[in-house]
1. Which of (1) modelled with pLDDT of 95 or more; (2) open to solvent by 90 Å² or more (accessible area, probe 1.4 Å); (3) not β-branched (V, I, T) does S105 not meet, given it meets every other one?
2. Among the residues of the range 70-91, is there at least one that is among the small types (G, A, S), open to solvent by less than 60 Å² (accessible area, probe 1.4 Å) and touching a residue at least 40 places away in the same chain (Cβ under 8 Å)?
3. For the range 14-105, list the helices (runs of 4 or more DSSP H) that sit wholly inside it and hold at least 3 residues that are over 20 Å from L4 (Cα atoms), within 22 Å of the chain's Cα centre (by Cα) and not hydroxyl-bearing (S, T, Y); which are they?
4. Could you list, in sequence order, all residues of the range 34-69 that are farther than 27 Å from S105 by Cα, among the acidic types (D, E) and open to solvent by 80 Å² or more (accessible area, probe 1.4 Å)?
5. So, D31, is that one surrounded by 13 or more Cβ atoms within 10 Å (Cβ to Cβ) and touching a helix residue (DSSP H, G or I) at 6+ places or on another chain (Cβ under 9 Å) or not?
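The values are calculated or read from the model by the stated rules, or taken from the named source; none is laboratory data. Note that this is a predicted model, so its numbers are computed, not measured. As a convention, Cβ positions derive from the backbone with ideal geometry for all residues, glycine included, and neighbour counts pool all protein chains shown. Only protein heavy atoms, including side chains, enter the accessible area calculation; ligands, DNA and RNA are left aside. Shrake-Rupley method; radii C 1.70, N 1.55, O 1.52, S 1.80 Å.
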Amino acid sequence: MSSLSNKIKIFLGTEVDFINDVKLQNDGDGDYIKEWNLDTPQPTDAQLSAVESDADKMERNNQVIATRKQLYGSLEKQIENIIENGLEAEIDRVNQIKTDNPKES
């Protein structure tokens, strides 16, 4: 089940400032929209439920991206790999990481 913040991002189709524009709160029964300070009308529960599968996919892809970044290593490590093993070897390594950790389309 995707987070409310990600459902809102998918619904709006853009990044959201969750400090000023949309304030979420959880009083123990789950997240809800406490304040909606956008010109766009606040989405209904039905509208947010309709984008849940896309928000789930976004969350899974964000996890894949985090895994890839960790496996790529720092920029310094990547440069060292290029110097030690050559550019083609680094390209092959990166492509293998992408193959092993595919994003959903």
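1. Status for S105: all satisfied but (1).
2. Among the residues of the range 70-91, not one is among the small types (G, A, S), open to solvent by less than 60 Å² (accessible area, probe 1.4 Å) and touching a residue at least 40 places away in the same chain (Cβ under 8 Å), which makes the answer no.
3. Values: elements: 45-50, 52-72, 75-85, 87-100.
Fully inside the range 14-105 and qualifying: 52-72, 87-100.
4. Taking the range 34-69 as the starting set, the residues that turn out to be farther than 27 Å from S105 by Cα are 34-42.
Pick out the ones that are also among the acidic types (D, E) and you get 35, 39.
The answer is D39, and nothing else.
5. On the way: surrounded by 13 or more Cβ atoms within 10 Å (Cβ to Cβ): yes; touching a helix residue (DSSP H, G or I) at 6+ places or on another chain (Cβ under 9 Å): yes.
When the stated conditions are applied, D31 passes them.
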